[in-house]
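Have a look at the structure below, then the notes.
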Amino acid sequence: MRQAWTIAAKDLRLRLRDRSALIVGIIAPLGLAAIFSSIFNPIEDFDFSATYAVLDEDGGPVAAQFSAVLDQFGTGTGSDIRTVETRQEAADLVDVEPFSDEEGADAAFVIPAGFSNAALSADPAEMEVITGQGGVGAGVAVSFAEQFAGELTYARIAVSSFEALGGAEDRLAAGQRALAIPAPVSLEEIEAANKQLSNKTFYAAGLAIFFLFFTVQIGVNSLLEERHAGTLSRLMAAPMRRYSIIAGKGIMAFVLGFVSMVVLIIATTLLFGAEWGDPLGVLLLVVAAIISALGIMALVAGFAKTPEQAGNYSSMVAVVLGFLGGTFFPVGQAGGLLSDLRFITPHAWFMQGLGDLAGGNVPDVLPAVGALLLFGLVTGALALGVLRKGLQP
Amino acid sequence: MKAFTIAGTNLRRWLRDRSNVFWAFIFPILLILVLGSAFGGSSDPRLGIHNEGDGPLAADLVVLLEEQPGMQVIQFESREDLVATVERGELEAGLLIPVDYDATLRQGAMTSVELVARSAEEAQAISSNVQSALTQQSVVLRAAFFVESEEVGSFAEGLETAETASMNVADVTVVVSSAGEPVGFFQLGRFDASAQQQMLLFVFLTSLTASAALIQTRRLGVARRMMSTPTPVRTILVGEGMGRFAVALLQGLFIMVGTLVFFNVNWGDPVGAAAILIVFSLVGSGAAMLMGSLFENDQQAAGLGVLLGMGLAALGGCMVPLIIFEFFAPTLFQVAHITPHAWGLEAFDVLVIENGTLVDTLPFLAILLGFAGVFYLLAIWRLRRVLTR
Amino acid sequence: MTIRANVLECRDLKKSFGDNEAVKGVGFRIAEGETYGLLGPNGAGKTTTISMVTGLLERDDGEVTVDGQPLTTASVDAKRAIGLVPQDLAIYPDLTAKENLTFFGRLYDMPSGDLKARVAEVLEIIGLTDRADDRTEEFSGGMKRRLNIGLGLLHKPRLLLLDEPTVGVDPQSRNAILESVELLSGEGMAVLYTTHYMEEAERLCDRVGIIDLGEIKAEGTRRELVQMVGQHDRIRLQATGPCEAGVEALAALAVVKEAGVRDGGIEMLVDDADQSLAQILGKVSGAGVTVTSVDVDEPNLESVFLHLTGRALRD
């Protein structure tokens, strides 16, 4: 074991001297984190609110009811409600470029003349929504209008049934009483724990785990470099077990990965306000992630003949796993096959573990830690088999 | 002519390494496919549903929810799964329909469904949709409740009459129209914006890997040997750059044609699009030559290549559309324009959104050519220094 | 002896790297068909000199003309006349031998037809015809070295510069390399050959410049150098009979600088052992001495170097 440490120490010194580990392990992820956080944060901090125009050509009681409900909705959602006088005015308000500084509205509601009368009868009645160039605000407007129309439809059916069974009263008054009847199915809103990482944390963590694989690869690759340079024969001629060589390389790759992760965690926390969560949970996840990276990168290297080839294969594997695992884009939100497929990558487990930690406690990371360790142990065992065969000068 | 010889050799060596083919052609198209199908265009909120009820009313409710506009519905098999998915932010909200949904309602009693969300704000967009589906479903039931409460009939009588009334009474409907032509990126197809962003990102990123090739040429001593032949430094550099320029061009063309054929992506005027691609590939290869003449170690250059390739692309609007910068962060919008990517994207906007032609993109192309020129000149100056000092 | 044109002339070459004056005013000429050796230990300034001569390195001072044309780092046409064999391999490992040759041939603007024939010819010269289509990364060290040389002589340069071409090469390949250099110089090519192997310089070079610490300490044919530093051939005769008389008889010969009786024989210093040996043996036997064996010890460049610098060549 002493020899393994000697080898690890020598390699660490070499990696520090050659600045690639520094660039791949710290500078690149930190630089990208800085860029990403500057790009994505202004967007996250933005709160959605809409502006709606309403045009009442009807002037009847149902139209007044609508305006009242819309005002209530506006207050509730922090949206602006503006009353307009003509269709042209409504259309102009709506027809603006999205995100321009021009005053505009996301949608306009039009209550056409005669709507109240029609609504109070059993005849078809229509209200209108004019949308602009799309967006969430317009969608909300349509569903709001449809909800109101649905209530009216109900009231008409309820009053008609009431009349059919012999009830006789002013349709407006009866309708209002009908609307006062609560819906038989109520919606109960329940608040769930928040296990989604904030944008700042997501990109810091995603980049850290993405580049971790490259950092570990630099370590693993040194075995092939020794073979290429011929120093491997010299090591193998030394009085020690072959596993000491592999162990030495493993220790070195682990230390490289660990140091870069710790630096990244501290730096992103201090510089970009990333919230990694409980240190113990993070430590468990980081260690497990490094072990998984070690196993996978060693296995990939085992199939390569030259250091260049190993570098190529490893980058391919690391990039594909990274993208699939949702380190750059929250693949989980995509749904479907893609969001299931991501769990074949350690990256996805690492990100999920951090999310679970953010919305829970340290024990919540254990499934993710377990999955990561499983990755590491299975691929590591396979890699040992391959490397032992390949450990010939 | 010699530049072509050097370019040809560079290309030949590039092709010998099969992983290059993966990076240049297979990976980008995969990514565009994945990102396009996952995120392209659709920003509709997602509602997960777990239906424990087995009656027709419960099933109807699910159908009504699925018919709601502006919302995606995903069914879940277990409550835990649904809640966990909501907690992780992979759904905006989850809806739980209870096991006795049908039975309770048929008895004339009230019931409730649960809407799980991480915050009231997030539930908002979806709850109005859910509410309107519930309203639609409960019309007849609610009318029966009304009949009962008005004491003109029993609940059962009410149900029967309301059923009949619902056939005879017309629905109050909502007519949706849109004012003016939809413009801007809302009009873009599912893959359009992402295809252009990815194309520029990859063309630049792949070009930057050429820097490693130049560093290798230097480290192998071949660059010095070339210097000892009657070949000026600029020819060496242009040749090395041209090899990768060809790769970038081929890659860009591949992405353009591939996305055009398979996803029907709109690239605008073909001549204009080709011109942007050519000029942008020049910029990429110029940046690579500059990097290749600045660094001594190809591993370092590869790491920095990823940093620059991804970082500049992110900054230049290849990950978040420039229009969003413009609206949310004007400073960032200005910063974006230190990258060639932003100019390339704006040139594409001219073609795709404004239906412009080559002529309209000329100002942007001129700026991009400026980038390429500066990169190549600096690279030649620097390479002369490192090779002869 | 015909007067041959100088292919390379360089004067007063100077180069410093920071405070380190690597080359302090080196100059020499090489005529066509002549092989000039720069002999010196590692770090003497040989590679720096060759880099300046080939226009690869910006020089601080001095001039280089190749075939009458001045050559600087910015020169293009003048470089057509030179072929460089750099000390470190400069070949593409992922291209085949033929591809490497063809690539560099094109950089010398060789027309395709000629190039094809010439590549085949060079492959023959360097003995790699069988391996022409194999990637060079699969080659042995010696084969790579041979290709490295082949690349330098592809375009039949007027001046071939070989920078320590035999370092780390097996004896067989080394011999092949030396033979091909001899062949080329026989064809009229001017050759600049740097080495720290004294034997190579003695075997190949018509003239040798001894370089140390960035300066040429002495220059000339081997014999000139040897004489310049006052070195003589040493002849030892194992002999019986009146050795004293033999020594006295030798005093009459001008070529004999010193003679004396040592360990049952005669030992003497002479100018040119090859030419005077018969004469000497005649004199000695004339004096009644019976010679049983002759041992001639010619001073070599190693001892010249030692004499000039006070250091051994392979420090």
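The values are calculated or read from the model by the stated rules, or taken from the named source; none is laboratory data. None of the values given here were measured: they were computed from a predicted structure. Because the Cβ atoms are built from the backbone with ideal geometry, glycine has one as well, and the counts that use them run over all protein chains shown. Accessible surface is based on the protein model in full, side chains and every heavy atom, while ligands, DNA and RNA are left aside. Shrake-Rupley method; radii C 1.70, N 1.55, O 1.52, S 1.80 Å.
Restricting attention to segment C:6-40, report how many residues are farther than 12 Å from C:Leu159 by Cα and either open to solvent by 70 Å² or more (accessible area, probe 1.4 Å) or over 17 Å from the mean Cα position of the chain (by Cα) (or both).
Pass one, segment C:6-40, residues farther than 12 Å from C:Leu159 by Cα: C:10-28, C:37-40.
Checking the rest, the ones that are also either open to solvent by 70 Å² or more (accessible area, probe 1.4 Å) or over 17 Å from the mean Cα position of the chain (by Cα) (or both) come to C:10-25.
Number of matching residues: 16.
Which residue is most open to solvent (accessible area, probe 1.4 Å), if the candidates are limited to segment A:312-322 and must be facing another protein chain (nearest Cβ under 10 Å) and in contact with a Ser or Thr (Cβ under 9 Å, 6 or more places away or on another chain)? Top of the filtered list is A:Tyr313. Looking at this structure, is A:Val263 over 30 Å from B:Leu82 (Cβ atoms) and open to solvent by less than 30 Å² (accessible area, probe 1.4 Å)? Spelling it out, it is not the case that A:Val263 is over 30 Å from B:Leu82 (Cβ atoms) and open to solvent by less than 30 Å² (accessible area, probe 1.4 Å). Checked against (1) in a helix (DSSP H, G or I); (2) at positive phi; (3) of a type outside the set (Val, Ile, Thr), C:Gly25 passes all but condition (1). When C:Arg311 is tested against (1) surrounded by fewer than 16 Cβ atoms within 10 Å (Cβ to Cβ); (2) without any contact (Cβ under 8 Å) to a residue 24 or more places away in the chain; (3) under 23 Å from C:Glu202 (Cβ atoms), only condition (2) is not met.
When only residues in segment A:141-168 that are aromatic (Phe, Trp, Tyr) and within 7 Å of chain B (Cβ to nearest Cβ) count, which is surrounded by the fewest Cβ atoms within 10 Å (Cβ to Cβ)? Break it down stepwise before answering.
Initial filter on segment A:141-168 (aromatic (Phe, Trp, Tyr)): A:144, A:148, A:154, A:162.
Checking which are within 7 Å of chain B (Cβ to nearest Cβ) leaves us with A:144, A:154, A:162.
Numbers: A:Phe144: 25, A:Tyr154: 29, A:Phe162: 27.
The residue in question is A:Phe144.
Using the structure shown, decide if B:Gly41 is modelled with pLDDT of 80 or more and under 19 Å from A:Val331 (Cα atoms).
no
Residues in segment C:43-86 that are facing chain B (nearest Cβ under 7 Å), more than 18 Å from B:Thr235 (Cβ to Cβ) and among the acidic types (Asp, Glu): C:Glu58 alone.
Here's the yes/no breakdown for (1) within 12 Å of another protein chain (Cβ to nearest Cβ); (2) of a type outside the set (Asp, Glu); (3) surrounded by fewer than 19 Cβ atoms within 10 Å (Cβ to Cβ); (4) within 17 Å of the chain's Cα centre (by Cα):
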position: C:Glu137; (1), (2), (3), (4): yes, no, yes, no
position: C:Gly142; (1), (2), (3), (4): no, yes, no, no
position: C:Pro165; (1), (2), (3), (4): no, yes, no, yes
position: C:Asp170; (1), (2), (3), (4): no, no, yes, no
position: C:Asn175; (1), (2), (3), (4): no, yes, yes, yes
position: C:Leu183; (1), (2), (3), (4): no, yes, yes, yes
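The residue that is farthest from the chain's Cα centre (by Cα), counting only those in segment C:220-268 that are open to solvent by less than 70 Å² (accessible area, probe 1.4 Å), closer than 25 Å to C:Arg203 by Cα and among the charged types (D, E, K, R), is C:Asp233. Of all residues in segment B:322-352, those satisfying the criterion of being surrounded by fewer than 20 Cβ atoms within 10 Å (Cβ to Cβ) and outside any helix (DSSP H, G or I) are B:His337, B:Ile338.
Looking for something within 30 Å of A:Ala358 (Cβ to Cβ) and either facing another protein chain (nearest Cβ under 9 Å) or of a type outside the set (S, T, N, Q) (or both) - is there at least one such residue anywhere in segment A:176-187? Walk me through it before giving the result.
Our first condition is that a residue be within 30 Å of A:Ala358 (Cβ to Cβ); within segment A:176-187, this holds for A:187.
Still in the running and either facing another protein chain (nearest Cβ under 9 Å) or of a type outside the set (S, T, N, Q) (or both): A:187.
Among the residues of segment A:176-187, at least one is within 30 Å of A:Ala358 (Cβ to Cβ) and either facing another protein chain (nearest Cβ under 9 Å) or of a type outside the set (S, T, N, Q) (or both), which makes the answer yes.
Taking segment B:85-185 as the region of interest, the strands (runs of 3 or more DSSP E) fully inside it that hold 1 or more residues being at the interface with chain A (Cβ under 8 Å from one of its Cβ atoms) and open to solvent by 20 Å² or more (accessible area, probe 1.4 Å) are B:111-117, B:172-178.
Suppose the filter is within 30 Å of B:Gly158 (Cα to Cα) and either among the small types (Gly, Ala, Ser) or out of contact with any helix residue (DSSP H, G or I) (no Cβ under 6 Å at 6 or more places or on another chain) (or both); does B:Val99 pass it?
When the stated conditions are applied, B:Val99 passes them.
On the given criteria, is A:Phe329 assigned to a helix (DSSP H, G or I), out of contact with any Gly (no Cβ under 6 Å at 6 or more places or on another chain) and of a type in the set (Phe, Trp, Tyr)?
Values: assigned to a helix (DSSP H, G or I): no; out of contact with any Gly (no Cβ under 6 Å at 6 or more places or on another chain): yes; of a type in the set (Phe, Trp, Tyr): yes.
Answer is no for this residue.
Annotation: A:Glu225 fulfils all but one of (1) touching a helix residue (DSSP H, G or I) at 6+ places or on another chain (Cβ under 7 Å); (2) assigned to a helix (DSSP H, G or I); (3) crowded, with 24+ Cβ neighbours inside 10 Å; (4) within 14 Å of chain B (Cβ to nearest Cβ); the unmet one is (3).
Here C:Leu89 meets the list (1) touching a residue at least 24 places away in the same chain (Cβ under 8 Å); (2) among the aliphatic types (A, V, I, L, M); (3) more than 7 Å from chain B (Cβ to nearest Cβ); (4) open to solvent by 40 Å² or more (accessible area, probe 1.4 Å) almost entirely, failing just condition (3). The one condition from (1) open to solvent by 10 Å² or more (accessible area, probe 1.4 Å); (2) facing chain A (nearest Cβ under 10 Å) that B:Leu290 does not meet is (2). Determine whether B:Asn355 is modelled with pLDDT under 90 and open to solvent by 50 Å² or more (accessible area, probe 1.4 Å). Yes, satisfied.
Does segment A:331-354 include one or more residues that are modelled with pLDDT of 90 or more, buried (at least 21 other Cβ atoms within 10 Å of the Cβ), closer than 23 Å to A:Ala247 by Cβ and under 24 Å from the mean Cα position of the chain (by Cα)? Looking for residues that are modelled with pLDDT of 90 or more, buried (at least 21 other Cβ atoms within 10 Å of the Cβ), closer than 23 Å to A:Ala247 by Cβ and under 24 Å from the mean Cα position of the chain (by Cα), one finds at least one in segment A:331-354, hence yes. Taking the criterion of being of a type in the set (Ser, Thr, Tyr), within 24 Å of A:Ala229 (Cβ to Cβ) and part of a helix (DSSP H, G or I), would at least one residue in segment A:293-313 satisfy it? Yes, segment A:293-313 contains a residue that is of a type in the set (Ser, Thr, Tyr), within 24 Å of A:Ala229 (Cβ to Cβ) and part of a helix (DSSP H, G or I). The C-beta contact set for segment A:13-31 (first residue in contact (Cβ under 8 Å) with a residue 40 or more places away in the chain, second residue outside any helix (DSSP H, G or I), distance under 9 angstrom, 6+ apart or interchain) comprises A:Ser20/B:Asn297.
Based on this model, can you work out whether A:Ala50 counts as within 14 Å of chain B (Cβ to nearest Cβ), in contact with an Asp or Glu (Cβ under 7 Å, 6 or more places away or on another chain) and at pLDDT below 85? Yes; evaluated as a whole, the condition is true for this residue.
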